[in-house]
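K.L.:
Next up is a structure, given as structure tokens.
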Amino acid sequence: MRQLDVVAVTHRGRARDYNQDTVSVAGFQSGVLEGQPVRFAVDPVRPVICLVADGLGGLAEGSRASRLAAATIADAAPSLHDGRAVADAVRAANDAVYAEMAVRPAWSGMGTTIVLLVVAGERIICANVGDSRCFLLRDAHLVQLSRDDSVVPPPGEATVATVVTQSLGGRSEPTPVAPHLIEVDVSPGDRFLLCSDGLTDELEPERIEAELVKADDPVAAVTALLGATLEAGARDNVSIVLVTVPTEPPAEQAGTAQEGTVP
Amino acid sequence: MTDNGYHAQDSGSTGRHAAPGTTRDTTGAPGTTLDATSAPGTTLDAGSAPGTTLDNGSAPGTTLDATSAPGTTPDSGSGLSSPRTAGERFIRVNLPPALLQKYEVDRDLGAGGEADLLLVKDRVSGGPCVVRLYRRQDLPLDEDKLGRLMRADRQHLIRLLDYGRGDGYVWEILEYAAEGSLEDLLRRSPAPWDPQQVFSVFDQLAPAIAYANSLGMVHRDIKPGNVLIRSLLPLDLVLADFGLTKFIAATQHIGTNSRTSAYAPPEAIGGGYSRSSDWWSLGMVLYELLVGRSPFQRLDGTWMDDRFITTQLISREIDVSAVTDDHWRLLLRGLLTRAPDKRWGPQETAMWRAGGKPAVADPEPAQSATTTGPASNATYVFAGVGYNDPVELAAALRRDWNEGLRVLAGRKLKTPQYLALKDWLAKHQRAEAVQALDYGVDERPERGLMQVAMALDPNVVPEFNGYHLDDAHLRDLLRDAVAGQPAARQVVDQIFADGILTICDGTPGCSGYAMLDDRWHRSVETALARIQRTGARISDADLQSMRLQLLVTSYEGQSHQFMEPARQAALNSEALYQPWFRELAGEQTAEQYQAAQHAVIMATAPIAERQTIDQRAEAERQRIAAEQRELAERRNQIDKWSVPLGVICGVLAFCVPVLGLFSGPAAIYLGVRARRVSTSASTWAIGLGGVGTLLQFTVLIPAAFR
């Protein structure tokens, strides 16, 4: 497989003055206040991890949890060849968050969601805890791969967006997590979108699908999604990671060389 | 279609439902058997002309003696045979030398795409048998299976006497069943039969299938045409077509022929055969004997088309309510159980025969399938909202069509949302919806979604991507499409491609849609095949218009709607310059294909006209080019002659007084012309002419007049 094209961005949105989200692509981690889309070209010779973690809670500890979880999982990258290893890594991140909590009483209860995508050879493993989502855009349909840990609403009522049923950390006592896993065979041209609920709460899937389909360039797609979210109010932190699986070779080889430079 | 002439009877029945003057085969390629039997011009009427001649008119190699009895059937002794004409004895195929030593050819029994079938006489014993010759040598032979077949109990299976290969052929020598096939018998004495008679068929077939299965063989293609009759009194039936053919059948898709798919079990659509497949087929055969026609046969005896049969097999139970006798109905429910592992097999049928009542997996539908199951309180979250009422979810699916498609698109990936939906449907006992998910979604997602929504709430007007499809709305949609609204046109296209109208049949506001859809598809296919034969290339927009037009004409009583415009189009004098269009415009078509013919004429007339205009313009261009060529040629000639003439004139200007006064300028003119041919000669002529003229003035003329 040729190089993966990954574009990532994180942004505090328009209502919060801190950013508790963390994005990480192949070990490069960011939680800046107002990021700009950054483009990576990653050679998937070893398992590549892209992830979005959405720190929970109104205090700064949310970002601590998300950074910690992201770093813990990214460190496990070389061993993540199968679903079990991925699930173990997520559990390890959960343990790490609880261990960190024990350091200071003030950090008690910090937590984070996580959604990660591991590209291991021709397989893609997606795992999530919480309500950050992973979508696959294939054949112009946006299919959700992750499973939201949201409270099932009573019939006829809408899901309450702010409540998750499980997270990494998030409670005062160490609690095990059961990550949702799904494995998918990669096909050329697949696009995977990882995002925090800051995106999906503002934009309907229909809109996200449309923006992705019409954009001719991953950076343009991410920029458009971020722009649309900010326009819609961006009441929460927004993080977007768009992973594009290259189409089969004789696609233009020159393009790859250019993509090698990070703008 | 069939792979060999052994199935000659198939083509007969195909011919019966595909009326003359049309071809249902959209590829329309001559060389396929189906085409040969139903292609325009090759009028076959199997019902009325049994035992007539080979259809020599159709393409070689595809000729099926559609009307002859099945391969192993003689004319003698069969009540419906008429005297054979000399053509029947026409033998196109010679036996390979190895066989010729042992057998003498008696008669050609027909041919299929892969094999020829000959009735031969054993030179030693004088007994008749049948040779099936495959026109290829590379067929793999399953020696083990063939050996088993040869040793098989001849009570149940048609005898395989010998097989072999050589000289570019593979052959089978088969027993000759003197009374033809069950299908012939059905033609002679049409069903419904008396239950006692059906019992005697059952008593022959059920043990035969059980026996074949016990040998580890699945027939896969049990149908009346493959059940041969050794004797009528007492009835002695054997299963035929077990042997070598299967190797060919395995490489061919079932379903190219209604007569095969009409007897095939639902699992065969996906290629999944098992022992229980044959029991389903038995059920279908018995149904036909008891009711008088197959569930896939219309009241007039014609067969439904394949696509429709497949749809039905996928989405519906076979309704056995037409069988009035309780005991027989129990048997058919057992045999026609959709789940292969729950279908009745040898034990259950034997129990049933002994008067027992084995359990049937599926409950007999009480009155309608739309009874609401016991409410489950499971909630499914669709587009962020919780649902536990199928009817409400159906409404949500219709409302948020694209979200529904996104959920179904997760089927192959087994996404959580998709699995949750399926799980929820199962909890709410929506078996039909689950089936729609399982079978309908991959190929045609929108149709699958629609089927799911319809299965959840069958009591509302079906809706396709926001468009209501009841009669009034469909007509509105059609009107909009005809008026040229792009969205409406596109929806009609989707409805056509996905066969949406068929699945709406019988829902509120949608009566008679299966027939409508069938007529529509049929006429479009007919039109496309006819257009393909003309060789005209039609733009997509025109095809779209044609489909619309044919939907209009598919409505009851509307088939002549476009007679007048078509007549006008056929009068287009420019178009009539094209021979193919002349032929098309002059063609007489059967009543039911006239609408298609009209559409074809209307669609192709502008093309023919354009061709004529183009041809005229081309001719004109060529004429002008020829003229210009001729002119240039002439000029060239003159230029060529200018060379010597110019030089001569130049010399004259030098030498001859007075005359030189004229020949000098002439030499200059000719010299200029000659320049294109020879530069040096031209220079000389111009020079001589010029200097000569000057000389004339200065020297020669004064000298001459001095």
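Values in this text are rule-based calculations from the coordinates and carry no lab data. Just so you know, these numbers come straight off a predicted model, no measurement behind them. Please note: Cβ atoms are built from the backbone with ideal geometry, for glycine as well, and neighbour counts cover all protein chains shown.
K.L.:
Taking R0 as 25 Å, what's the FRET efficiency between B:Asn459 and B:Gln592 from their Cβ-Cβ distance, rounded to 0.05?
P.N.:
Details: r = 34 Å, r/R0 = 1.36.
That gives a FRET efficiency of 0.15.
K.L.:
Peptide B:385-392: average number of partner chain Cβ atoms within 10 Å per residue? Show your work: numbers first, answer last.
P.N.:
Details: counts 6, 9, 3, 4, 2, 0, 0, 2.
Per residue, the number of nearby Cβ atoms from other chains is 3 on average.
K.L.:
If the stretch B:476-554 were replaced by its equivalent ellipsoid, with semi-axes equal to the square roots of 5 times the Cα gyration tensor eigenvalues, what would those be, largest first, whole Å?
P.N.:
Rounded to whole Å, the semi-axes are 22, 16, 9.
K.L.:
Using 1/(1 + (r/R0)^6) with R0 = 25 angstrom and r between the beta carbons of B:Ser231 and B:Ala361, what's the FRET efficiency to the nearest 0.05?
P.N.:
So the FRET efficiency works out to roughly 0.10.
K.L.:
To continue, here is another question. For the stretch A:4-262, divide the Cα radius of gyration by the Kirkwood radius and give the resulting Rg/Rh value with two decimals. Intermediate results must be reported in sequence, preceding the final value.
P.N.:
Details: Rg = 17.2 Å, Rh = 18.1 Å.
In the stretch A:4-262, Rg relative to Rh is 0.95.
K.L.:
For B:Gln155 and B:Glu583, compute 0.36 nm times the residue count separating them, minus their Cα-Cα distance, and round to one decimal in nm.
P.N.:
148.5 nm
K.L.:
Taking Cα centroids, how far is the stretch B:208-227 from the stretch B:628-704 in Å?
P.N.:
102
K.L.:
Whole-Hz Karplus ³J(HN,Hα) for the stretch B:507-516, in order, using 6.51 cos²θ - 1.76 cosθ + 1.60 and θ = phi - 60°, x for Gly and Pro?
P.N.:
7, x, x, 10, 6, x, 6, 5, 5, 4
K.L.:
Can you run phi through the Karplus equation (6.51, -1.76, 1.60; θ = phi - 60°) for the stretch B:176-192 and list ³J(HN,Hα) in whole Hz, with x for Gly and Pro?
P.N.:
Calculated HN-Hα couplings, in order: 9, 8, 6, 10, x, 9, 4, 5, 4, 4, 5, 6, 6, 10, x, 6, x Hz.
K.L.:
Cα gyration tensor of the stretch B:435-504, axes a ≥ b ≥ c as square roots of the eigenvalues: rounded (a/c below 1.5), prolate (a/b > b/c) or oblate?
P.N.:
Oblate.
K.L.:
Rounded to the nearest 20 Debye, what is the dipole magnitude of the stretch A:1-160 about its Cα centre when Lys and Arg each give +1 and Asp and Glu each give -1 at the C-beta?
P.N.:
Computed charge dipole of the stretch A:1-160: roughly 220 debye.
K.L.:
Please average, across the residues of B:412-421, the number of beta carbons from any other chain that are within 10 Å of each residue's own beta carbon, and give a whole number. Walk me through the numbers on the way to the answer.
P.N.:
On the way: counts 4, 10, 4, 10, 8, 6, 2, 2, 2, 0.
If you average over the peptide's residues, the count of other-chain Cβ atoms is 5.
K.L.:
In whole angstrom, note down how far apart the Cα centers of the stretch B:393-439 and the stretch B:460-503 are.
P.N.:
23
K.L.:
Still on this structure, I have one more. Could you work out the local net charge near A:His11, counting Lys and Arg as +1, Asp and Glu as -1, over the other residues with Cβ closer than 13 Å to its Cβ?
P.N.:
-3
K.L.:
Still on this structure, please answer the following. Within chain A, which DSSP H helices have Cα atoms that stretch 18 Å or more along the helix axis and a mean Kyte-Doolittle hydropathy of at least 0.0?
P.N.:
Passing helices, by number: A:83-101, A:218-231.
K.L.:
Based on DSSP H runs of at least 4 residues, each adding -39500 (n - 2.57), what is the mean residue ellipticity at 222 nm of chain A after dividing by all its residues, to the nearest 500 deg cm²/dmol?
P.N.:
After summing the helix terms and dividing by the residues of chain A, the value is -8000 deg cm²/dmol.
K.L.:
Pairs A:Lys214/B:Lys412; B:Lys223/B:Lys357; B:Lys223/B:Lys422: which are spaced more than 28 Å apart, C-alpha to C-alpha?
P.N.:
B:Lys223/B:Lys422
K.L.:
Would you pull out the residues with amide H under 5 Å of B:Tyr176's amide H, same chain only if 5 or more places away, H placed 1.01 Å from N?
P.N.:
B:Val130
K.L.:
Identify, among A:Ala99, A:Gln36, A:Gly55, the residue whose Cα sits farthest towards the positive end of the charge dipole of the stretch A:4-262, taking +1 on the Cβ of Lys and Arg and -1 on the Cβ of Asp and Glu, with the dipole about the Cα centre.
P.N.:
Towards the positive end, the residue furthest out is A:Ala99.
K.L.:
Would you please name the GluC sites (Glu not before Pro) within the stretch B:525-576 that are DSSP coil residues with at most 14 other C-beta atoms within 10 Å of their C-beta?
P.N.:
Details: sites: B:Glu525, B:Glu556, B:Glu574; in loops: B:Glu556, B:Glu574.
Those that pass, being in a loop and sparsely packed, are B:Glu556.
K.L.:
Okay, next question. Checking the a/c ratio against 1.5 first, then a/b against b/c, what shape does the Cα gyration tensor give for the stretch B:583-667? Intermediate values should be presented prior to the final figure.
P.N.:
Numbers: a/c = 10.15, a/b = 8.14, b/c = 1.25.
It is prolate, given that a/c is not under 1.5 and a/b is the larger ratio.
K.L.:
For B:Lys102, which lysines qualify as cross-link partners when the Cα separation must be under 18 Å and same-chain residues fewer than eight apart are set aside?
P.N.:
B:Lys121
K.L.:
What shape does the stretch A:1-94 take by its C-alpha gyration tensor, where a ≥ b ≥ c are the square roots of the eigenvalues and a/c under 1.5 counts as rounded, a/b above b/c as prolate, and the rest as oblate?
P.N.:
Verdict is oblate for the stretch A:1-94.
K.L.:
Residue-wise, which Karplus ³J(HN,Hα) couplings in Hz belong to the stretch B:194-202, taking 6.51 cos²θ - 1.76 cosθ + 1.60, θ = phi - 60°, and x for glycine or proline?
P.N.:
Per residue, the Karplus-derived 3J(HN,Hα) values read 5, x, 4, 5, 5, 4, 5, 5, 4 Hz.
K.L.:
What spacing in nm lies between the two simple spin-label points modelled at A:Ser108 and B:Leu215, each 7 Å away from Cα in the Cβ direction?
P.N.:
Computed distance between label sites A:Ser108 and B:Leu215 equals 8.1 nm.
K.L.:
What FRET efficiency comes out for the pair A:Arg14/A:Glu157, r = Cβ-Cβ distance, R0 = 35 Å, nearest 0.05?
P.N.:
Given R0 = 35 Å and the Cβ-Cβ separation, E is 0.80.
K.L.:
By per-residue mean of other Cβ atoms within 10 Å, what is the highest-first order of B:325-333, B:144-152? All intermediate terms of the calculation are to be shown ahead of the outcome.
P.N.:
Working: B:325-333: 18.2, B:144-152: 14.9.
The densest-packed peptide leads the list: B:325-333, B:144-152.
K.L.:
Would you please put B:624-631, A:151-158 in order of how densely packed they are, using the mean number of other Cβ atoms within 10 angstrom per residue and starting with the highest? If you can, show how the numbers build up before the last one.
P.N.:
Values: B:624-631: 10.0, A:151-158: 13.5.
Ranked by mean Cβ neighbours within 10 Å, highest first: A:151-158, B:624-631.
K.L.:
List the trypsin sites (Lys or Arg not before Pro) within the stretch B:516-609 that fall in a DSSP loop (any state other than H, G, I, E or B) and whose Cβ has at most 13 other Cβ atoms within 10 Å.
P.N.:
B:Arg537
K.L.:
Once label points are set 7 Å from the Cα along Cα→Cβ at both B:Met351 and B:Thr324, what is their separation, rounded to one decimal in nm?
P.N.:
It is 2.9 nm.
K.L.:
Just to be sure I understand the model, the point goes 7 Å from the Cα along the line to the Cβ. What's the resulting B:Lys412 to B:Phe697 distance in nm?
P.N.:
Label-label distance for B:Lys412 and B:Phe697, simple model: 9.4 nm.
K.L.:
Under the 0.36 nm per residue contour assumption, what length would be gained going from the current alpha-carbon distance of B:Ala487 and B:Trp641 to full extension?
P.N.:
Residue separation times 0.36 nm, minus the Cα-Cα distance, leaves 48.2 nm.
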